[in-house]
Every structure is written in C-alpha cells, then in structure tokens.
Amino acid sequence: WDSATAWRGLNNYEGQYGPSWTELACHYIKSYGFQIHDDNPRLKDFDDIVALSRKRGWHLVFNLMAENVDKANAYVGKDLMYLMKQNHDYLLNRYGHLEGVTVVDNFNLVRDVNFIDQDWTTEHYYEEGRRIIASNVAEAIKAFYPNEYREQTWPCDEGHYFFGDE
C-alpha cells in the first residue's frame, strides 16, 4: 500500500492532490497499519512491567495516548481506523481487567485542532489537548492517592507565561 500510494499519489480529504498529503498518509500507515497480537514482542515488555509493578507492590497506570484519529481517518480512511480501534480494544482487554493495573483511555479524546504537528504522526498537543490527557491521568491516580490530590487553580485566564516577567 505504501509503495503503490507513494508512487501513484493521493488526494486529501478535500479531493485535492498533493505530495505532502500522500507522504502524511503513508506515515499514518507506517505508524498505525499493523495488528497487535499475542506474539507481539512489545507485549512481553508490557507484561514484564506488569510483573515488576506487582513484585514491588506498585499500582500501574498505562496511558493510551490520544492519536490524531481525525487526520488518520481523513487521509487513509476506515480500514486504518479499523486497525487502530482493534489494537486499542486489544490493549484495553489485555490490561484493563488486571488487578493492580489501570488503563487510562485517551485514544479518541483529542481532536485534530489540538495537535501541534499537522504534517507528522505525533502525540504533541496544544494546551487543551495536554489538559485533557493530564486530567484523565490525574483522575486515575487520584483513586490511589486521594489525600495528596489537589485541584490546580490558575492565577488568571489570560494565558500562562513560563519565562520572564511578562
């Protein structure tokens, strides 16, 4: 698919032809066009993490990061979305029911406008996307440390400055 699409080219979701859209669609296929199964070597790594956390008495939180499903669907379509959803469901079913393991499902929660990188497949979000992810992870952790949890309040709604005296 990748080779044929790269050679032939691809129209974007508005029907316009462009090599940058073709390149992005091919990157989505390379990043997400696979099926997780029981023999996947990364699953052994995750299973080892689960075993280590149990051995040490830790509660483990897996965070299924938000992916740009809007763009993946627009550029590649329903077949890729099917694979991504199938992998998502596989991970939830494999780890979501284990004692001592929490899976925070952020997979579909950040919309395309909240992704910083619009020409690459990444999990780099603008502030709203980061807040969505952080809020869900914080809620999961709050269940284990309710007395340590504090709501964050910001001094103003005009924006946040991290450098200088602005």
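Pop the C-beta distance of Lys142 and Phe46 into the FRET formula with R0 = 22 Å and round what comes out to the nearest 0.05.
Working: r = 23 Å, r/R0 = 1.07.
My answer for the efficiency is 0.40.
Charge tally around Val113: other residues with Cβ under 13 Å, Lys/Arg +1 each, Asp/Glu -1 each, net -3.
Expressed as a whole percent, the accessible area of the range 1-99 that falls on carbon and sulfur atoms is 54 (1.4 Å probe).
For a paramagnetic label modelled on Gln35 (point 7 Å from Cα along Cα→Cβ), amide N atoms under 15 Å away belong, within the range 67-104, to 79-91.
The GluC sites (Glu not before Pro) of the range 1-83 that meet both conditions, a loop assignment by DSSP and at most 14 other Cβ atoms within 10 Å of the site Cβ, are Glu14. Please compute the net charge surrounding Thr102, taking Lys and Arg as +1 and Asp and Glu as -1 over other residues with Cβ under 13 Å from its Cβ. Value of the local net charge: -2.
Return the calculated 222 nm mean residue ellipticity for the chain, to the nearest 500 deg cm²/dmol, obtained by summing -39500 (n - 2.57) across DSSP H runs with n ≥ 4 and dividing by the residue count. My calculation for the chain gives -15000 deg cm²/dmol from helical runs alone. If the viscosity is 0.890 mPa s and the temperature 25 °C, what translational diffusion coefficient in µm²/s does Stokes-Einstein give for the chain when Rh comes from Kirkwood over Cα pairs? It comes out at roughly 133 µm²/s.
Taking every alpha-carbon pair under 8 Å whose residues sit at least 6 apart, the chain reaches a relative contact order of 22 percent. Averaged over its residues, the chain has an accessible area of 68 Å² per residue, based on protein heavy atoms and a 1.4 Å probe. Measuring between their Cα centroids, the range 111-130 and the range 35-50 lie 27 Å from each other.
The values are calculated or read from the model by the stated rules, or taken from the named source; none is laboratory data. Quantities reported herein were computed from a predicted structural model and do not represent experimental measurements. Don't worry about glycine lacking a Cβ; one is built from the backbone with ideal geometry, like all the others, and counts go over all protein chains shown. Areas reflect the complete protein model, heavy atoms only, side chains present, ligands, DNA and RNA absent. Shrake-Rupley method; radii C 1.70, N 1.55, O 1.52, S 1.80 Å.
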